[in-house]
Amino acid sequence: MTEEPLDLDRHRGMAAQKATRLRRVLAAIEKNSRELRDQQAILENELRSTPATSWSDAAAKARYVLNLYAAGLSPDDPRHRDLVSAIFEDFARLAQEGGERDP
């Protein structure tokens, strides 16, 4: 008996090796997707339960929601994509112009 592990992939055909590699990649992607969804749920709970203390905090929440909305837009919907871009430009301009302007 040797202490070195056997390379079982060497004994399989190319199709079996590719199938194994694809299964491993798919399993890793599914795991990463679950972790991302869990982290997203934590972030959204935090955003929902913590009131904004400044206009920049409120804008950060709005940016997050707008990014979610924009991700779901059809590529054939340039009007709404342009609107989201214009809002982001407004946020950036207002932040540069006067900094924080709390009511």
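The values are calculated or read from the model by the stated rules, or taken from the named source; none is laboratory data. As the structure is a prediction and not an experimental result, all values here were calculated from the model. Methodologically, a virtual Cβ is constructed for each residue, glycine included, from the backbone with ideal geometry; neighbour enumeration extends over all protein chains shown. These accessible areas exclude ligands, DNA and RNA; they are computed on the full protein's heavy atoms, side chains included. Shrake-Rupley method; radii C 1.70, N 1.55, O 1.52, S 1.80 Å.
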Using all Cα-Cα distances in the chain, what percent lands in each 10 angstrom bin from 0 up to the longest?
12, 23, 23, 15, 12, 10, 4, 0
Work out the FRET efficiency for L94 and V65 from their Cβ-Cβ distance, taking R0 = 25 Å, and round it to the nearest 0.05.
0.90
Summarise the accessible area of the chain (1.4 Å probe, protein heavy atoms) by the percent that is carbon and sulfur.
59
Counting only heavy atoms of protein chains, what accessible area per residue, in Å², does the chain have with a probe of 1.4 Å?
85
Table column - 3J(HN,Hα) (Hz), the range 23-33, Karplus curve with 6.51, -1.76, 1.60, x for Gly and Pro
4, 5, 5, 4, 4, 5, 5, 5, 5, 4, 5
